[in-house]
1. Going down the list Lys336/Lys499; Lys499/Lys536; Lys336/Lys495; Lys495/Lys532; Lys265/Lys502; Lys336/Lys591, which pairs span over 23 Å between their C-alpha atoms?
2. Quick one: which residues, 5 or more positions from Phe370 or on another chain, have an amide H under 5 Å from its amide H? H modelled 1.01 Å from N in the peptide plane, none for Pro or chain starts.
3. Take the Cα gyration tensor of the range 573-632, multiply each eigenvalue by 5, square-root it, and list the three semi-axes largest first, rounded to whole angstrom.
4. Suppose the chain between Arg312 and Gln529 were pulled fully straight at 0.36 nm per residue; how much longer would it get relative to their current alpha carbon spacing?
5. Quick one: what are the phi-derived ³J(HN,Hα) couplings along the range 411-417, Karplus 6.51/-1.76/1.60 with θ = phi - 60°, whole Hz, x for glycine and proline?
6. Please list, by residue number, everything in the range 283-321 whose backbone N is under 19 Å from a paramagnetic label point 7 Å out along Cα→Cβ of Ser230.
7. Roughly how many nanometres apart are two label points built 7 Å out from the Cα toward the Cβ at Lys499 and Gln340?
8. Determine the gain in length on full extension of the stretch Glu612-Ala432; use 0.36 nm per residue of separation and subtract their C-alpha separation, reporting nm with one decimal.
Amino acid sequence: MPSAAKSKKAALKKAGRSKPAAVAPVDAAAAVAPAAAAANGAGRPDPQIPADIQLRFPPSLSARQRAVVHAVGERWGLAHSSSGEGEARYVTLGPAGAAQTIELSLPAGDGGGGGDGPGDSSSSSNAANGASNSGGGSSGPTDAQLIALIQQHFGIDASDAFAAGPPPGKAAAASRPPAAWQGGSKAGKAKPGAKGMISVEEFIARVLPLLDMERDAEVAQAEEALAAGSPERAAAKGRALLNLRLTDAEGGLLGRTLLTLVNNKAGAGVAGGGSEPLPPHKLSPHDIVRLRPSKGDASGPPLAEGVVYRVRDSAITVAVDEVPDEGLDVPLRLEKMANQVTYQRLRAALASLGGEGQRGLAGPLVDVLFGRRSPAFTPSPPAWQPLNGGLDESQQRAVSLALAARDVALIHGPPGTGKTTAVIEVICQEVARGNRVLACAASNVAVDNLVERLAAADGKMRMVRVGHPARLLPQVLDNSLEARVLQSDNSALAKDCRKEMKALNTRLLKLVSRKDRDERRAVRSELRQLAKEERKRQEKAVEEVLGGAQVVCTTLTGVGQRQLERLQFDVVVIDEAAQAVEPACWAALLKGRKAVLAGDHLQLPPTVISDEAARSGLSRTLFERLQDLWGEAASEMLTVQYRMNSSIMDWSSQARMHVARLRELRPEALSSRLEISTVDGFQGREKEAIVISMVRSNAQKQVGFLADERRMNVAVTRARRHCALVADSDTVTAHPFLQRLIAYFEAHGEYASAGEYVQQ
Ligand SMILES: Nc1ncnc2c1ncn2[C@@H]1O[C@H](COP(=O)(O)OP(=O)(O)OP(=O)(O)O)[C@@H](O)[C@H]1O
């Protein structure tokens, strides 16, 4: 029995919300030595300037001010460097190892250029300076304060440097939007060969074969067992369930029929509920499946195709568009299919990108995303009144950046720094300006997260969630396209249709004997008519609902569906953009004038099945490429971490994991308040408490996928207050990273052996 680690009562079971914490500094210093400065044409150190002092400015300096401090260093031949990340990023002036390190603590400026006098918090101190303006909306020091400090300590008059701003070479890095507002596009055309630079043609030529590779890998994985092997072999691999019995056919999932199947082994009557558990399998909600007679090969048309809606220990429910006329009264089997639709859509998007996409609404955006033109911003800062009054400064800057952007803005931040929160504000603000927004993410869960939070932020927003109802979280069903359609003028008729269909389906289930054949046919014919009528009404209403929506939310793959074909948007927002392969983003991007991408490429990379495709670049994301291409010229970094108890966050920071895959936890009898999923399923989400099962236990001490550090980082950082690991510490501590993780939990939490519980 594995031993168990549980949380420390004092540290990890604190009541109430953990305090926002500045993201811990992890970046290596980027020091510029005086010699290098001289070599770059910078002035030599003036003998009058003290060479034994280093000023360490607080992290509250703006990016522009940091850039000017660097420029001052260059001009007067003083060493200068920046260290730390996000809110903890600070700049120093003067040589490292100077006799005196002066850590400056500046009162917040009044934003008007005057402000209080400068101050040193401590002399000769090496302690890290806490963020002075985190989370409260206070502004950083004024230029006047910085000029005075530099004058005081080095005798340098830097007022000219501050008036001139950063030198041209630093403009892109320093010009977060406020600076960019001085004149629209500032970054200059990206140089050929610059990191992240690629032509549209080259990109398409490179990525198409990788998509084929990926599709082949997925098809091979999904179909191999089904097509080449026997149904039993597919079942043994968990890709099929054999010998099932239909117990219920229920109309109601917004036009679909829910078929509930149980294990036929018990041999109870047709209408009986099976209590025999299903054999072990790998089918899960959202999977595309085929229904066939249990006996027989995998060729030929299936009885039905559908989407797994719900999985229980003893039953599986599938949402199908069409209930088959007959053949449901025999033992059945369910097979998991490869999802080829995704690839067709990706290819279609790339074809469009290579052709008319470049000439349409998104043409200028395509230019910027491929480095042919620089990102542009409005000439003056956008005026906006935050809907969410609690946004911190970095979030406000990110929203401003997104609103000011004419083509692209990137919102970057480690886990729990409020990227989605900022995205929600951006969407609300864009809607308030009368813009139409397409809000996307790679996964259904992430889109549902957006929907839920948008609904909470602005209940009046006309928002539609497009996607198969079986794939949506129950809490967002009211916002689904189908639900909206049903609420439209056609709803009464559609509801009547559904009611009749339900009654007919119930009747149908009772018509099992041979003599009922004619009646069965008649009922099915009636059902088809009703379904047709309901769909006709819905189709008319779909256009109306989508046309009237201020925000349409869907997955990146969902964008490719027919219903959205002709729609265009002012803004396309992609949340969790670092979890999407680049081709997946293009269908969405081509529908808008401007793109706002939020993500963190240090969290999980997108899932790519083919190792070769991943190695050849398919797992490199657009978000990452744009960070390389435009960097700070188009991006804002979020700096305050809100989600995690500080012990959890510190582990994440210290171990630099801001990761590992955990096995899916098998659901048993669970209350509705307990959710069980893979780590990937929780990406972008959070829970009060997370229990992670590390599953591996073997004498060889092989940890398998647990060695994927980025996934483990995601797992641990989903927890707001409490995180527990259940592990065979003998096995997992053979891996150095997991050993550090267990040691961290032991040091900061509580460690208990399963043996202790057995003895009790
Ligand atoms: N300014 C804020 N003040 C208070 N709480 C905030 C603020 N911003 C975000 N939060 C809270 O912090 C938590 C994490 O926010 P959010 O989900 O937006 O982060 P994220 O960066 O998208 O996370 P991840 O990348 O891990 O998915 C949420 O509970 C959110 O409500």
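1. Exceeds cut-off: Lys336/Lys499; Lys336/Lys495; Lys265/Lys502; Lys336/Lys591.
2. It is none; the list stays empty.
3. In descending order the semi-axes read 19, 13, 10 Å.
4. Additional length available on full extension: 74.9 nm.
5. 3J(HN,Hα) across the range 411-417, in whole Hz: 10, 10, x, x, x, x, 8.
6. Of the residues in the range 283-321, 292-299 have backbone N under 19 Å from the label point off Ser230.
7. Computed distance between label sites Lys499 and Gln340 equals 4.2 nm.
8. Numbers: separation 180, 0.36 × 180 = 64.80 nm, distance 4.53 nm.
Residue separation times 0.36 nm, minus the Cα-Cα distance, leaves 60.3 nm.
Each reported figure results from applying straightforward, stated rules to the coordinates on display, with no laboratory input. These figures come from a predicted structure and were not determined experimentally. Heads up, the Cβs are rebuilt from the backbone with ideal geometry, glycines too, and the neighbour counts pull from every protein chain shown.
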